Amino acid sequence: MSSNEDPISPIRQAEQHFGIQFPPDYRHFLATQGSMSQFVLPADDYLMINEAAELVEVNEAGEFQERFPGSLVIGGDGSREMLTYDFRHDPPPLVLLDVSAQDWSSAIHQASSLTAFLEEFPQTGWKWDDPAP
């Protein structure tokens, strides 16, 4: 088999497409859990995290790269709010953006990492009033 025929994981394909390397905890989540879509208790908020194979389509559908340079939408609340990495920062924090937002000024900080987000979310649910740093 030639190197052109070697399978590339969906995670690596997405990283190459966006020209970024995912944070280690997000790569681990994608490799082990893959995705999630559920109401999270006790917060009783809906949380969806897309699988790696969906990332290109999700981000291109909303033209997020054009409106939010350095963004990577990874999920959301199943409706209008998009859980988004802000790769303008290192390490990239997670923020919440409405699908109709025009620029980064609408971003609401959620957590400094996916690990922190997943630990806090059952208690806090979506944060609606924490401005992005």
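Please work out how much length the chain gains when fully extended from Gln38 to Glu119, using 0.36 nm per residue of separation minus the C-alpha to C-alpha distance, in nm with one decimal. Spell out each step's value before the answer.
Numbers: separation 81, 0.36 × 81 = 29.16 nm, distance 1.52 nm.
Between Gln38 and Glu119, full extension yields 27.6 nm more.
Mind checking the full-extension length gain between Ala53 and Arg67? Use 0.36 nm per residue of separation minus the Cα-Cα distance, one decimal, nm. Taking 0.36 nm per residue and subtracting the Cα distance, the gain is 2.8 nm. Computed over the chain, the convex hull of the alpha-carbon atoms projects to a mean area of 8.3 nm².
Here's how it looks for Ser113: its modeled amide H is under 5 Å from those of Leu94, which are all 5 or more places away or on a different chain. Segment Ile8..His109, full-extension length gain: 33.1 nm, with 0.36 nm per residue of separation and the alpha-carbon distance subtracted.
Just so you know, all these numbers are worked out from the coordinates, no wet-lab data involved. Predicted model only: the values in this text are computed from it and were never measured.
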